[in-house]
Every structure is written in C-alpha cells, then in structure tokens.
1. Condition (residue is in contact with a Cys (Cβ under 6 Å, 6 or more places away or on another chain), surrounded by 24 or more Cβ atoms within 10 Å (Cβ to Cβ) and at pLDDT 95 or above) applied to the range B:411-419: is it met by at least one residue?
2. Let me spell it out: the conditions are (1) in the same structural domain as B:Ala577 (by TED's automatic domain parsing); (2) among the β-branched types (Val, Ile, Thr); (3) open to solvent by less than 40 Å² (accessible area, probe 1.4 Å), and B:Ile56 meets all of them except one. Which number is the exception?
3. Among the listed residues B:Val208, B:Val224, B:Val185, which satisfies the condition of being within 15 Å of ligand 1 (Cβ to nearest atom), in a helix (DSSP H, G or I) and open to solvent by less than 30 Å² (accessible area, probe 1.4 Å)?
4. Within the range B:62-87, can you find the residues that are within 16 Å of ligand 1 (Cβ to nearest atom) and open to solvent by 10 Å² or more (accessible area, probe 1.4 Å)?
5. Just name the residue that is nearest to A:Pro228 (Cα to Cα) out of those in the range A:295-310 that are among the small types (Gly, Ala, Ser) and part of a loop (DSSP other than H, G, I, E, B).
6. Identify the residue in the range B:513-523 that is part of a loop (DSSP other than H, G, I, E, B) and more than 16 Å from ligand 2 (Cβ to nearest atom) and, among all such residues, is most open to solvent (accessible area, probe 1.4 Å).
7. Assuming B:Pro92 fulfils every condition listed in (1) within 14 Å of chain A (Cβ to nearest Cβ); (2) in contact (Cβ under 8 Å) with a residue 40 or more places away in the chain apart from one, which condition is it?
Amino acid sequence: MKKVMVGNHAVAWGAQRARVEVIAAYPITPQTQIVEKLSEMCADGTLPARYIKVESEHSAMAACIGASATGARTFTASSSHGLVYMHEMLHWAGGGRLPIVMADVNRALGPGWNIWTDQNDSLSQRDTGWVQLYCETNQEVLDTTIQAFRLAEMLDLPVMLMLDGFYLSHTAEAVDIPDQDVVDEFLPPRVSRHKLDVNDPHAFGALVRPDSYMEMRWLQQEAMRQVPRVLETIEADWNRLFGRSYGAVESYRAEDADLLLVTTGTVTSTARYVVDQRRAAGEKIGLVKIKMFRPFPTEQLRMALAGVDKVAVLDRNISPGHGGIFAEELRSALYDLPNEDRPQIYGFVLGLGGRDITPAVIDEVIERTKQGTESEREDLWVGVNS
Amino acid sequence: MPDILMHKTAVRGVPQVSVSQTSTLVTRTGSWKSIRPEYHDRMAPCNQGCPVGIDIEGYMNLLREGRVEEARDLLLAENPMPSVTGRVCHHPCENACNRRFLDGAVAIHAVERVLGDLADASPAAATGALPRVERVAVVGSGPAGLACAYHLARFGYRVTVFEAALQAGGMLRLGIPEYRLPRPVLDRAIARIVAQGQGVEIRCGARVGSDPTWSELTSTFNAVCVATGAHVSRALDVPGEALRGVQRGLDFLRDVNAGARPSLGRHVVVVGGGNTAMDCARAALRLGAAVTVAYRRTRDEMPAIAEEVEEALREGATLSFLANPVEIVGPAGSVSGVVCERMALGEPDASGRRRPVPTGERFTIAADTVLTAIGESAELDGLPADVTTSASGMRVEALGGTNRVALFAGGDVTDLERTVADALGAGKRAAIGIDRHLRAVANNENEATSADALRFGGGNVSAAQWTGRDPIRRVAPVNEVVGLDDLNLHHFARVPRQDDAHLSTGAAIAAFDEVNTGLTKDQAIAEANRCFNCGVCTQCDVCLIYCPDAAISHVADGEANYDVALDYCKGCGICVAECPRGALTMTRDRA
Amino acid sequence: MRELRLHGRGGQGTVIASKLLAVALFLEGRQVQSFPMFGVERRGAPVTAFLRLDDAPILLRCEISAPDELIVLDATLVGATDVTAGLKPGGDILINSPLSPEDFPLLSARFRVSTVDATGIAIRHGLGSPTQPIVNTAILGAFSTDSGLVRLSTVVDAIREEVPMQIEANIAAATEASLAVRRMNAPEVARA
Ligand SMILES: Cc1cc2nc3c(=O)[nH]c(=O)nc-3n(C[C@H](O)[C@H](O)[C@H](O)COP(=O)(O)OP(=O)(O)OC[C@H]3O[C@@H](n4cnc5c(N)ncnc54)[C@H](O)[C@@H]3O)c2cc1C
Ligand code: SF4
Ligand code: SF4
Ligand code: SF4
C-alpha cells in the first residue's frame, strides 16, 4: 500500500510493521511526529505495544534497556539534545548487547539554538556500540526501520537509523507500506539469548573484572565485524520480498569516474541530480553514498574508491579541531591502499545547522575539488566567507 | 532463524553480556554474616506514654486498614470510657508521639474520641469470659472505680459499686463542666460499662463508712476496691477567707454542674493554676463575669492542661502570674478585692518547678467573688482503719494492693498522679490485682507465681494480655520504646495534623455547649494514616524491597510476616536501617 | 519538474493543502514531494509550504527558491510579504480573493494571475468558522481548473483519503471553487 507520508510517519509505520512491543520515547522537534504517531497507533490498537511515558530521554533509554532485557522488541526515537542526553544509557544498551532500535532525526546541537538538520548529534554517539545507518528517502527510512530489528536481533547490537530533520522528517512523498504478512516472513518474533526474567533471576550488568571485561568488548567488536555480511543477507532477503535494496555503501554512476562525491543522507539525492547533469555534459563524475557509519564499511569503501583520482566528501557535520567526520574516517580507511590506488580526499564541511545544500553548492564542491591541490584538502568549508 | 547464532556469543567461557551464568541462588552470601535481622515488635512511645495502657499503635493500624470495629474493640479492651478520655484527657501520648518530630503528633485523643463515640452508640461486645462466683465491691464511681468494675465484669465477676453521690461519675460529673464533657456522653459511657459481663450494679447515695460500714463490706464481698477520689478543697489560709463572696472552686463547680447558675457580680478572681482553676474561670465567664486568674508562678509551671489554659485565654480570662494572694479584703463583710504579693521565680523545688519567692511588692485585684482552687486532697479519715497512707493518699503496690488482704485501691485517693487517665489505669491495675488474688485463693496458688505471667505494657498493664484474650494481636510489645533514631522518616510524606473543630468564642461563652466538636470519622481515619506504627511491622514491604540480596520474602501464614533466608542474608543491616518504623533489629547470628 | 509554493496564514490549512495536492498528484501517478517551510512553528505567523512534482523520480532534496507557481490562500499577504520572491517570470499565481485578477495590477503585469473567492465558498459550506474559514480544499478545487495540472476528481479522491471530517462539505467547496476561477482577460504573459 503506497501512501504519501512524511519521514517521521515512515518511521512510525516501520515500527508498527516490525510489531514492536515496547516504546519509550520523549518528544523533541523535529522528531515529535514520530512519538505522536506511535502513541496514536498504540491508543487506537493499530500497534498493540506498551507505550511508556517518560520524563526525559535518559529515562526513555533506561526504560528501553529494561524492556529489551526482558526480551521485548523495543523502539525509541529522539533527536539532537535528546539523543545527547541519552549518551550514558546508549553505552548501557550497547555494552548490554540489547537489540534496541532507535530513529534519530538528525538535528544540530546548540548553542546557538538550532532545530535544523546536521549530523553532529548522531556522530557524537559513534563509540557507544550502536550500529548507525543513514537514510536518504522516506522509503528507505521505513524499510531500514524494519531491517534494523532483524540486524539488531541477529547480532545483539542496538541499531540507530538516521533521517535528516525536515528534509525527510517533515517532507511528504510516496512510501510503500509493506504488507504485514510479508514483513512477518522477513522478521520473525524476537528470540533473546539472555533474558531478564523474574522467574529465573540473574544479575545483569553487574561487575565484570579485568579478567573478563576485554572478552566482552572483543565479542562486541566481533559482532560489529559481522554486521556488513549480515546486512547484506538481510538486504538480499528484503530485495527478494519487496524488490528494493540500498547497501551499506552504494556507488552511483561511479564507473570510470575520476571524481567521486561521497555523501550521506538526503544530500545524496541532490548530488545524484548534479551527477546526472555532469554525466550528461560528458564529465566522469559519480558518487558513493555511505549508509552505514558504524561499523565503518572500510572494505566496501576501499573497493568503491580505489583507483579514483579525486574524492570529495560532503560532511554535514564537524568534529571541532579536526574536520568533517566522514572525511577523516574515510582517510584512515583508505590509507592502507597502495599508493597508486589511493585517491586524493577532499573534505568539505557544509550544510551545518540546516544550511541548504543546493545543486549550486555541490557544483562548487566539484569545481573546488577539480582545481584542488595536494596541499589543501582537509577542512574545506563551503558557504562561509571568512 | 538459522543465522541467529552466526556470531560468537562467548569466548573463554565469558558471555557477551554481563549476566550471571547461574541464578543468584549459588551465591550464598549468608556465609558472610555474623549478625542478622530479626523482626521484633517494640513499644510505641504513645503506648508507653498513655497512663490507661492503651495499645494506641495497634488500633491506629487497624483503623488505617479501615477495620473500624476491630480498632474500637482493641481500644475498649483497655479503656472503659474512650469517649470521655478523648475529650478530657491531657493526652501525654501525644507529647510522646514520634510524629511530632516530623509534622505534628498524631491527634490521638481526637481519634480516640471518635472511636469512643462509636462504641457508646453500639451495645457492649461480649468478652467471652467464664462467669465467676466471687463478688467484688468497688467504693466510688469515678473513673478509677468504674474502670475497676468494668474490667472485673469483663473478667467474669459480679461487681457492686457504692457511690455516696446521687449519680455516678465522680469528678467527671461533679468537677468537669459540661462544655468539656456533655452529660449525655458521660451517661452513655456509664451505661455501656454497666452492661459489661454479668452486669455492674451501681448503688448511688450509699456512703461507705456510714452505710454500709467498711467491715460490713469486707465481710460480704470477696474483695473491695477503694476509689473514693480526692474531694477536699485545700484552704487558702489567708485573712478574709470567710468573707461573703469567697467560695471553694470545687463547690462552685459542683453547683454549676448540678444546674445552678449563681450570680457572681462583675469581677471574679480565681486563685490557682490547675484544671479546677481553669474550669472555675471558664464557668464564671459563661455566667457573665470578668475573670482574673491569680497564680503564684508563671504559665510554664501551670499544672492545668495546656489547651485549657489556651481556651481560657481565648474566652477572655486574664491571667495574672507571679501573683500570690496574701489577703482577701472587703468592707461590710463582703469581698471587694484580693491583695496579692508579687513573686519571682527562684530555685527549683521538689516538683522540679521553680519555686516562687516573695518580692515584697503588693497590689490589689478588684473582686466581687473569689473562687479558690489551689488543689484537692483525699479524705483519709473516712478510710477503713489501719490502711497505710502517705501525706497525699493511700499507699498501693503495682496492682493496687494495700497492706490489707483483699483490699485494693486506685485513683485520686492514692498518692499517685491525679488525672482521669491515671485513674482509669489504676482501676484496671486494681481489677487485675483482684483477679489475680481471687484466682490464687480459688486455686490455692501462690500469687507471686501467677504474677509472672503479667506483662507490663510500657506505662501500664494490658488487660488484653492479662486475660490472654487479646482480641486482635500477636505477642506483646516488649518494654523497649521506639525513639526517633529507630525510625526512617524518609519513608513518610509530610501530612499536617488535623485540629479539632471548635465553636466560635462568642458561641462558646454564651452557654455551656461543648466547645471542642472534634474530628469526623473520615478525619480520624486520615489521622490513623499519619501514624508511623512505631515499632510494629505493618507489612509495608520496605525491608523486602531494599534487601540487596533478595533474602526477604513473604510468609503465607504464621506468626511472622516475612521470612529471612539465612543462606542469603549477608547481615548488611540495610533492612533494619530502611524499616520506616523500627520493627527490625540486628541480632547476633546463631550459627 | 514543476515547483510550487503555497502562502497562507496559520489556521487556513496551508501545509495540509500542499499535502492534499501531493496526494492528488500521486494518485494520478506523478512523483511528488511536499514540505512545509522548515522551521519553528509559531501560531498565527504566515505559513509557507512547498510542492515538487515530476514524472521521473525527484532527486532534489533542497528548498524551493524559484517556484513555477504560487497558491496564495490569503490575499492580505500580497503586499504584506514578498509572496512573489523567486517566482519565475510569467509564473502562475492563484489568489484567494473576491476581487478579479485585474485588481492586482502589480502582479498581473509580470505574472499570470487568477483569483477565486475561496473564503466565501468555504464559509458557505461551513468549513471552519466565519472568522477563521478553512479555505484549503476550496482553493485546490480552483487550482485544478486554473492550472490543469491535476484533475478535480483526484483532488476529490485526495480529500476522501486525507481529510478527517466534513468530507462532503470539503468536496462540495472544492467543486464549487473549480467553477469560480477568474482568469486574466489580458493575453498570456510570456512564459519563461
Ligand atoms: C474541676 C476538675 C477538673 C478536672 N479536669 C480534669 C481533666 O480535664 N483531665 C483529667 O485527666 N483530670 C481532670 N481532673 C482530675 C480527675 O477528675 C480526677 O483525677 C479523677 O476524676 C479521679 O478519679 P477517681 O475515680 O479516683 O475519683 P473521683 O472521680 O473523685 O471519684 C470518686 C467518687 O467516689 C465517691 N465517694 C467518695 N467517698 C465515698 C464513700 N465513702 N462512699 C461512696 N462513695 C464515695 C465520690 O462521690 C466520687 O463520686 C479534674 C479534676 C477536677 C476537680
Ligand atoms: S487516654 Fe489519654 S493518654 Fe491515653 S490514649 Fe487517650 S488521650 Fe492519650
Ligand atoms: S506515630 Fe503512631 S505509633 Fe508512633 S508514637 Fe505517634 S501515635 Fe504512636
Ligand atoms: S537487607 Fe537483606 S541481606 Fe541485609 S541484613 Fe537485611 S535481610 Fe540480610
């Protein structure tokens, strides 16, 4: 069933189709519609889940952790300061290996107070042990919400999926809501390996001594290592059932290119538009979309980018004191490529705090990359006249 | 799903999450302890403070649970007249109440009054005691005599009360005015007492000593209890006491309580600082007089109940402190004023109060009537021969026994505290003493042996425990009083104490209607909800919730409410520290 | 691809109008994208919403700065704000007004202006209150005839699908408005 809906409602429908059992969330612009829609669905019976009202995001995640520990399929959503406020609990979910799924509507952090999109909220949760998936369209948002549960529950890892504030959250477009029975075939009920159960009491999250802590982290890392392969099988399944797939990394018109744009989120769409125009004009320009940021898809990116002359990374985020985060991570991922295969990487910072990224902005990125020199490749800001 | 185990979930035996591999039951933390908690009911300070020996905590607990009738019966097990004490008792229980450290003592007297009125409205409950053949005489129908008769009747005895006055009640009828204790209340309370057991016979107009004589009494009855009170007003012993217009306060009250409305003139001076003085002052105000109370010490030393002093002030009495009457003056044989000497407070005297010392300064208070109320004493001359007395009354032992076999005493006639509650407690002690004596005689037992079975409930004895027919409860609280340090006040929300409703001052002094109209039943239940239940487990589950080793569990039935799994209790003492009401203590492990 | 911008005031249903139009176009098999002005919602402030439509998938995910046409739900906004900012020369403007297009001479000089009394129609059909009529469905009915971009029948279908109450009244208003559009008498301005 196709419907015109905003990205926030795509999230809610995804959670509904995934048959989530517990939701604990706290509203925040621009995520609020997710919470509203889900509570509506819980109230009218569309989604027979337990909706736990909480007084903060920290508590929301704490409630999710408890719920997930009992074996319930658990979902939440947040944004910006809400997500950052959850930070401590995100570690508990990650280290506790709880397959919670969360939608984060990417929004800048204050001050200056800003409700528009950028990725600093989610990227600053990099090391909490959550898988991170960035979406480009409302359809991808809905599909990823469902897929995230399968991924999470197979590997006991929490998954965070991101959608750009307003550009997806508040933008309505046609979205296919998959049939429930087919989703059920794709996503069976959760089977949990460790369960908080009053009838079989165990201590959870208790003290772990130096003799075992590293093993737990190793196991967590081991599960993270499995993600690319597992995600691939999940996507293959999805493709078989619904005829759509996205990939942790996607190359678009990248064949024989000598300049590749690297994008995430909605910027990708506009960049596709620019790439189409450039290709039409005979230029060898393509793009590579990174959907998965954690675990970092080093292998796929090496394959996608090896041998290209120039790579321009579009970062809608900034690690103050360093640079755009995707660019920096990409640099280290490609460092081990043989010299002749290693592209020059140009890191552009743009679109922060919701600054619009138009085709003209992407054109500027391309031109600057084309003219770029060996010495000036990092921390290139677009649209700031200093 | 086949691929669910595709990743490693353990390495070197370490699981991927920090979850205990087995249940917590393998960790026998019990081996760590050397001390362990013990559920151990203790004495609530209110129970300790009540001279009647009421299980206040116990009935508050029942009332809190909405078990109103059981609460009433528990109260009636100890107190024959809660509707009376709820009105006139000086409630030392509330002074002792631990809740005063939080947000005001529980309004115990007001709750007692509500339950008392309920009791008076319903027929007496059977006690289930077997009838006994022995007959007991009680002399005097004040609170001491009525309490003795009440409990003896409940123990199964046939009791006859001899009362010199024409109506029963003692000072409750003769001394305490109606605006504090309406006569229908007193009448209903006495009616309920009379209906106990095989019935209590009250013979009014019978002054023992003349008719019948003491020896007639002791030969006809198996035991006798003397409860004749203290009715002799102390003389002021100053010049002018014989002037017209000078009257003993007690005589004045007796007349007013009998319905007289004497004219007192414009100015009335009351001499004294006790309850009699306050009642004289307030009664005089109701007769239209302007009243000055002359007292030789200060307000802090006044023996009257604090509320009575406040009421007297509110109703318009003037209190003149450090004023010691030295002469009553008047031309033509009628009083016109009281000459007082200004006093100052000196060193503490035997009673612990600072002694007033003369300053030499004199002043005169105008008076048309002077009412003297500086204390009453027992009439020791009329007592049976060769009983041991002290200056202030008969000497009695713990259970009311005197130096004469089968002769007991209690109340104001003895040398103990003189309040209604003390009289009720003394009457109960004498009843138990008589029961113990008569049973010893009947069974040829040694009195001392059976006395060991008696358990003192703090400030008094418990009739329920004496008879072993405690209608409701468990083991008696032991004689350890729960103090503030034993409580955990963090578990209690602040809820302000509810005050009794009162008539407006104008309405109060216009007539002799009851001034304090008390609390409603709902308010009383709300007050019961404020009670901490000091020292007694209410099964609130705090210990169970706080125990870090989940060692505490419910017991389906049995003596205790909870079971402590000693294999797991590590003796940390958290349960004891958290118990809101000090019903748990740590004790050495037996192992 | 065509890009539209809608202007209204709080309470008139401007954002819903863009969503309804998107649904109608989607029902006709077009690709659509609709969104409000990104920002903090302030009660009573002027409201702007956008719509993209195309037959091919829409790749642009940025704001619309140079729309092809405008729908103005409140004529008082003309003059009060720069409603035509970025509008392509010769672009279409549909204004909710009882006046005729010629009554907006400054606009009709540069753009193709049409008017419809959506307010009067909405009030007649009992939509919203007389002081705060909800004009979005009426103006969409007018838009269907004026632009030819969408059929009235699909606008009606979209109303059935999306509008939670007074469905028949809304349909009646849209239908009436579709017949009440007033176009410019002057020859067509050259399209860019
Ligand atoms: C004016 C006044 C106000 C008081 N207010 C309070 C108060 O508010 N709260 C409080 O706690 N206490 C108060 N008291 C004290 C309280 O009334 C007494 O402590 C209490 O009544 C003592 O009880 P009792 O049974 O020992 O004696 P009483 O109540 O004095 O009763 C003794 C009874 O024995 C009778 N009697 C005496 N001799 C004989 C005899 N030979 N034969 C037969 N019968 C005899 C008397 O007639 C009397 O009825 C007040 C006292 C007075 C005088
Ligand atoms: S008799 Fe007096 S001391 Fe005892 S409970 Fe009642 S008011 Fe308190
Ligand atoms: S709180 Fe209750 S149990 Fe404790 S002293 Fe006060 S009345 Fe007694
Ligand atoms: S809290 Fe538990 S472990 Fe500690 S002393 Fe009490 S019963 Fe024992």
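1. no
2. Of the numbered conditions (1) in the same structural domain as B:Ala577 (by TED's automatic domain parsing); (2) among the β-branched types (Val, Ile, Thr); (3) open to solvent by less than 40 Å² (accessible area, probe 1.4 Å), the odd one out for B:Ile56 is (1).
3. That would be B:Val185, the only listed residue that is within 15 Å of ligand 1 (Cβ to nearest atom), in a helix (DSSP H, G or I) and open to solvent by less than 30 Å² (accessible area, probe 1.4 Å).
4. Answer for the range B:62-87, where residues must be within 16 Å of ligand 1 (Cβ to nearest atom) and open to solvent by 10 Å² or more (accessible area, probe 1.4 Å): just B:Arg87.
5. The selected residue is A:Ala306.
6. B:Asp513
7. (1)
Every residue, every condition in (1) surrounded by fewer than 21 Cβ atoms within 10 Å (Cβ to Cβ); (2) small (Gly, Ala, Ser); (3) assigned to a loop (DSSP other than H, G, I, E, B); (4) touching a strand residue (DSSP E or B) at 6+ places or on another chain (Cβ under 7 Å), yes or no:
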position	(1), (2), (3), (4)
A:Asp276	yes, no, no, no
A:Ala312	no, yes, no, yes
A:Ser319	yes, yes, yes, no
A:Gly323	no, yes, yes, yes
A:Leu330	no, no, no, yes
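The values are calculated or read from the model by the stated rules, or taken from the named source; none is laboratory data. What you see is a predicted model, and the numbers here were worked out from it, not measured in a lab. Note: ideal-geometry Cβ built from the backbone for every residue, glycine included; neighbour counts use all protein chains shown. Each accessible area value is taken on the protein alone, full model and side chains, heavy atoms only, with ligands, DNA and RNA left out. Shrake-Rupley method; radii C 1.70, N 1.55, O 1.52, S 1.80 Å.
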